[in-house]
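Heads up: the structure comes next, in structure tokens.
The values are calculated or read from the model by the stated rules, or taken from the named source; none is laboratory data. Just so you know, these numbers come straight off a predicted model, no measurement behind them. All Cβ positions, even for glycine, are placed from backbone atoms using ideal geometry, and neighbour counts span all protein chains on display.
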Amino acid sequence: MEFVRTELCAALVNVRATNAAIDRIGGKYFKGIKVIFKSDADALDTLAQRAAGMVSNYNKFAELLATVPFDSGGIEKIDHERIDQAVGEKAATLADQWVALAHAQTLLLLEEREEDAKKAFKLLRPILEAEVRASA
């Protein structure tokens, strides 16, 4: 059950963080305008609702197991406060990465000078290094 718990937490954090990062970018750079197609925003919202529902059902199952008279060891409930904290951290990271990628891409598209390519690489380097560490 720990695998299920871990995957549910990751799914909920990922979809909520994606929504939050989109909102951050819209709020900071586009005067609050949603920077995603409505159909995609609706799909993300639906996914977030379903993930939250699955977490709720998991927690209900954990509560039910706690009432079983024999010692089953139980399962740990999913803590919504920890989810909220992880969402905030991941949303900030995603928004920063997306903005850095957009900035680097803009530099590369608008100017092909060596100095601009160096600026783009400087923006992309932390993201690329993090990806290499994560895949190692």
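Of all residues in region 1-19, those being closer than 24 Å to residue 73 by Cβ and either in contact with a strand residue (DSSP E or B) (Cβ under 7 Å, 6 or more places away or on another chain) or among the basic types (Lys, Arg) (or both) number 1.
Given the criterion at pLDDT below 90 and out of contact with any His (no Cβ under 9 Å at 6 or more places or on another chain), identify the matching residue among 71, 40.
Working: 40 fails: at pLDDT below 90.
Criteria check complete, one pass: 71.
Within region 35-85, the only residue that satisfies the criterion of being surrounded by 14 or more Cβ atoms within 10 Å (Cβ to Cβ), in contact (Cβ under 8 Å) with a residue 40 or more places away in the chain and not aliphatic (A, V, I, L, M) is 58.
Contact annotation: residue pairs with Cβ atoms under 6 Å, 6 or more positions apart or on different chains, pairing a residue in region 98-118 that is on the phi < 0 side of the Ramachandran plot and at pLDDT below 70 with a partner that is part of a helix (DSSP H, G or I) and of a type in the set (A, V, I, L, M, F, W, C), are 107/120; 108/120; 116/107.
Conditions (1) of a type in the set (Asp, Glu); (2) assigned to a loop (DSSP other than H, G, I, E, B); (3) more than 14 Å from residue 1 (Cα to Cα); (4) touching a His at 6+ places or on another chain (Cβ under 8 Å), marked per residue:
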residue: 78; (1), (2), (3), (4): no, yes, no, no
residue: 81; (1), (2), (3), (4): yes, no, yes, no
residue: 85; (1), (2), (3), (4): no, no, yes, no
residue: 88; (1), (2), (3), (4): no, no, yes, no
residue: 100; (1), (2), (3), (4): no, no, yes, no
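So in region 1-44, with the set limited to residues that are of a type in the set (D, E, K, R) and out of contact with any helix residue (DSSP H, G or I) (no Cβ under 7 Å at 6 or more places or on another chain), which one is farthest from residue 96 (Cα to Cα)? Top of the filtered list is 2. Scan region 13-21 and tell me whether some residue there is modelled with pLDDT of 95 or more, farther than 30 Å from residue 122 by Cβ, assigned to a helix (DSSP H, G or I) and touching a Leu at 6+ places or on another chain (Cβ under 6 Å). Yes, region 13-21 contains at least one residue that is modelled with pLDDT of 95 or more, farther than 30 Å from residue 122 by Cβ, assigned to a helix (DSSP H, G or I) and touching a Leu at 6+ places or on another chain (Cβ under 6 Å). Residue 55: in a helix (DSSP H, G or I) and closer than 30 Å to residue 100 by Cβ, yes or no? No; evaluated as a whole, the condition is false for this residue. Only a single criterion out of (1) in a helix (DSSP H, G or I); (2) out of contact with any His (no Cβ under 9 Å at 6 or more places or on another chain) is not satisfied by residue 35, namely (1).
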